[in-house]
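S.K.: Please find one structure pasted underneath; my questions will follow.
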Amino acid sequence: MGKVVSFEAEVNKRKKRRVGSLAWIGWVCLMLIALALGYGFAQSSIFNVRSIEVNGVSRISKEDIVALSGFTLGGHIYEANLNKAQTMIKTNLWVEQVSVERRLPSTLVINVIERVPVAAIITQDSIYIVDFSGTLLLKQKLLDGLAVIAVSGITGLDPDIKLGSVLEPDGVGVALSVIKQMDERSASVVSELDVSNTQDIVAHLSYGVDCHLGDKSDFGKKFTVAMEIIDSERRKGLLESVDYIDVSLPEQPVLSYLNLEPTEPWTVN
């Protein structure tokens, strides 16, 4: 027997379909209008670049950083290519890290971390200024008052090495490892590191005393013992007679006076 369909029910069903279709069309229209308004707003001149902020530079000029970035005032902020800007800025050898961001509505921000010179590798021909990574930042004849630790005893450096290259000799890495362990006090006291023998590193101290460190390990502990000895000898008025201090075994340091045989191991208090 056939199914009986109410005419009135069928009419109501069609009305509901029509209302549903109209509602869906209405939502689509609203979305299209919202997208159009959003696009128009995004293209508004309110997003034109009005300022370029550069942070973290001291050795590099802000003008040089902006020039490398390729950013210009007046352009649309969303047209600025941040990745390309970062790549170009890093071509400056003094730039260690860089990040670029948009600060809406109209500012581009460039944050730079510069390389810090920490060591001066001294050879017969030149002085090579490097950062903690061993990257060559400067090659010159004089230190010119740079706050760095002088390093001697390095051989095998290419005299034609280019700025931005990493110095390869083992002694460079050893010296930098020791320097990384220095605090403000030790950095102010150590005037030079001799790494000609990486198992018998010699720190020339500003007191006119040589300090034998052994290898590159435990510098902080060794330096503390050396300073205890120096303070003790100063109180006794004997510091000027000290030839060297050996703290390669910090639990058994040795103190040697000028023109005398090394003493018995110095007692660590």
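The values are calculated or read from the model by the stated rules, or taken from the named source; none is laboratory data. Note that the structure is predicted; figures quoted are calculated from it, not measured. Accessible surface areas use protein heavy atoms only, side chains included; no ligands, DNA or RNA. Shrake-Rupley method; radii C 1.70, N 1.55, O 1.52, S 1.80 Å.
S.K.: Tell me, what % of the accessible area of the range 40-89 is carbon and sulfur with a 1.4 angstrom probe?
M.R.: Of all accessible area on the range 40-89, carbon and sulfur atoms account for 51 percent.
S.K.: Here is a follow-up. Report, to the nearest whole %, how much of the accessible area of the range 150-259 belongs to carbon and sulfur atoms, 1.4 Å probe, protein only.
M.R.: With neighbouring chains kept in place, the figure for the range 150-259 is 46 percent.
S.K.: Rounded to whole Hz and in sequence order, give me ³J(HN,Hα) for the range 117-129 from the Karplus expression 6.51 cos²θ - 1.76 cosθ + 1.60, θ = phi - 60°, writing x for Gly and Pro.
M.R.: Result, ordered by residue: x, 10, 9, 10, 7, 9, 10, 5, 9, 8, 10, 9, 8 Hz.
S.K.: Around Glu114, which amide H atoms from residues at least 5 apart in sequence, or from another chain, sit under 5 Å from its own amide H, with H modelled in the peptide plane?
M.R.: Answer set, sorted by chain and number: Glu96.
S.K.: If you plug each phi of the range 189-196 into the Karplus form 6.51 cos²θ - 1.76 cosθ + 1.60 with θ = phi - 60°, what whole-Hz ³J(HN,Hα) values come out, in order, with x for Gly and Pro?
M.R.: 9, 7, 8, 7, 10, 9, 10, 4
S.K.: Also, I was wondering about something else. Once amide H atoms are built 1.01 Å from N in the peptide plane, which residues 5 or more positions from Ser106, or in another chain, come under 5 Å H to H?
M.R.: Under 5 Å from the amide H of Ser106: no residue qualifies.
S.K.: Can you list residues from other chains, or at least 5 along the same chain, whose modelled amide H is less than 5 Å from the amide H of Ile149?
M.R.: For Ile149, whose amide H was placed from the backbone, the distant partners under 5 Å are Ala119, Ala120.
S.K.: To continue, here is another question. For Ile179, Ile52, what's the largest-to-smallest order of accessible area, 1.4 Å probe?
M.R.: Largest accessible area first, the residues go Ile52, Ile179.
S.K.: Follow-up. Please compare each pair in Lys90/Lys221; Lys141/Lys180; Lys162/Lys221 to a cut-off of 32 Å on the Cα-Cα distance and tell me which ones are over it.
M.R.: Long pairs (Cα-Cα over 32 Å): Lys90/Lys221; Lys162/Lys221.
S.K.: Show me, for the range 212-224, the HN-Hα J-couplings you get by feeding each phi into the Karplus relation (A = 6.51, B = -1.76, C = 1.60, θ = phi - 60°), rounded to Hz, glycine and proline as x.
M.R.: Each residue of the range 212-224 in turn: 7, 9, x, 8, 7, 7, 6, 4, x, 5, 5, 5, 4 Hz.
S.K.: Right, here's the next one. Taking each pair of distinct Cα atoms in the range 50-160 once, what is the resulting Kirkwood hydrodynamic radius in Å?
M.R.: Kirkwood radius, the range 50-160: 15.8 Å.
S.K.: Moving on to the next point. Just the number please: accessible area per residue for the range 194-237, 1.4 Å probe, all protein chains included, in Å².
M.R.: Per residue, the range 194-237 has an accessible area of 45 Å².
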